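Following: one structure in C-alpha cells, then a few remarks.
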Amino acid sequence: MKSKITNIIDEQNKKGRIALIPFITAGYPSLQDTLTVVKGLINGGSDVIEIGMPFSDPIAEGPTIQKSSHIAIKNGMNIKKSLDLVNKIRSTGITVPIIMMGYINPILSIGIGKFAKLANDSGADGLIIADIPNEEIKQIQISIKETPLDTIPLISLNSSEKRIELGCKNAQGFIYCISILGVTGSRTSISEEVKEKVKIVKKHTNIPVGVGFGVSRPSHVKSIREYADAVIVGSALIDELRKNKKNPGVTAESFISKLYQQTFKEI
C-alpha cells in the first residue's frame, strides 16, 4: 500500500508536473505567522509541506535556516510545540501531507516511539532525521512501526551506489536527493551531478525522488522537473519571509506560485 506522501507525488507526476514541497521552520516568523504561511503555501500550489522542528545546532542548515531556527526557539518553539502546530494546521481543514524534519537528539529526549505517536496523533505523515545515516533508518522504522509515519532517507552527491541502494531499500514516502555538497542555502545554479545521482537512485527504486538544497529560482524547478519527481525549496522561501515581514501569508503564496508555474513538464 502506497503512503499518502507517495500517492500525492505520483498523482502530480501523472498530471504532467513535478510535486512542489516547501520547507518552513515551525515558529518562524512567529508562532501565529507559521499557520498563515502554511495556508499561503497551499494556496500557491504546494503539494506537501515540510516543517522544520527548531534545534539549537542544526548542522545540515546554512545561515538562513539556522537563523530562522534560533528565532523560532526565542519565540518559544520546541519539538512538542511544533507538533501542536501541526495539530492546529489540521484543525483548519488542511489535508496536504506534512513531513516533520529534525535532529535525533531532541527526538531521543522524548523517546523515538513516543515522538512518533505524538507526531502521528498531531496529523504528521512523514519524518526526516537530518543527522541519521541511512544505515540506521531501519532501526528507526522498527522503533516506530506502530505508527504509519514515513521515514524519508537523504542521498548526498557523494553517496556511493552501495549506500544509495541501502537508502532505497528502506525508503518510504520519497527519496530526498541533496543537490549540493554542503549545507542548505540559496544557490545561483543547480549542480548537473544531481541529475546523474537521481538516475542511479531510480535504478534501485520505484519510490518518487525529490531534489532539494539550493533550490531558489523558477529556473531551478524548470531544470529539475525533467528528471525528478519532486522539488524541495526552503532557504529561498525563508529569505523572502525575512525581507517581507508585513504579510507573510501573501509573501509565501506569491513566492511559491512562481515556482508552481514551472512544475509542469514539457511534453
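The values are calculated or read from the model by the stated rules, or taken from the named source; none is laboratory data. All figures in this text were calculated on a predicted structure; none of them were measured in a lab. With ideal geometry, Cβ positions are generated from the backbone for all residues, glycine too; neighbour counts draw on all protein chains shown.
Among the residues of region 1-27, count how many are over 15 Å from the mean Cα position of the chain (by Cα) and at pLDDT 95 or above. I'd like the intermediate steps shown before the answer.
Of the residues in region 1-27, the ones over 15 Å from the mean Cα position of the chain (by Cα) are 1-3, 7, 10-17, 27.
Checking which are at pLDDT 95 or above leaves us with 7, 10-17, 27.
So the count comes out to 10.
For every residue, the table says whether it meets (1) buried (at least 17 other Cβ atoms within 10 Å of the Cβ); (2) under 22 Å from Ser216 (Cβ atoms).
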residue	(1), (2)
Ile8	yes, no
Gly27	yes, no
Val48	yes, yes
Pro63	no, yes
Gln66	yes, yes
Ala72	yes, yes
field: Single residue of region 210-245 satisfying the filter (buried (at least 24 other Cβ atoms within 10 Å of the Cβ) and free of Cβ contacts under 8 Å to residues at least 60 places away in the same chain) that is nearest to Gln262 (Cα to Cα)
entry: Val215
Matching residues in region 37-75 - criterion: being outside any helix (DSSP H, G or I), modelled with pLDDT under 95 and of a type in the set (Gly, Ala, Ser): Ser56, Ala60, Gly62
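Residues that are out of contact with any helix residue (DSSP H, G or I) (no Cβ under 9 Å at 6 or more places or on another chain) and surrounded by fewer than 20 Cβ atoms within 10 Å (Cβ to Cβ), at least 3 per element: which strands (runs of 3 or more DSSP E) completely within region 89-182 meet that? Explain how you work it out, then say what you get.
Values: elements: 98-102, 126-129, 175-178.
Ranges flagged: none.
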Spans of helices (runs of 4 or more DSSP H) in region 215-267 with at least 3 residues hydroxyl-bearing (Ser, Thr, Tyr), at pLDDT 95 or above and over 22 Å from Phe174 (Cβ atoms): 248-260
message: Cβ-Cβ under 7 Å, sequence separation 6+ or interchain: first residue in region 162-177 and of a type in the set (Lys, Arg), partner part of a helix (DSSP H, G or I). Which pairs?
response: Arg163/Asn134
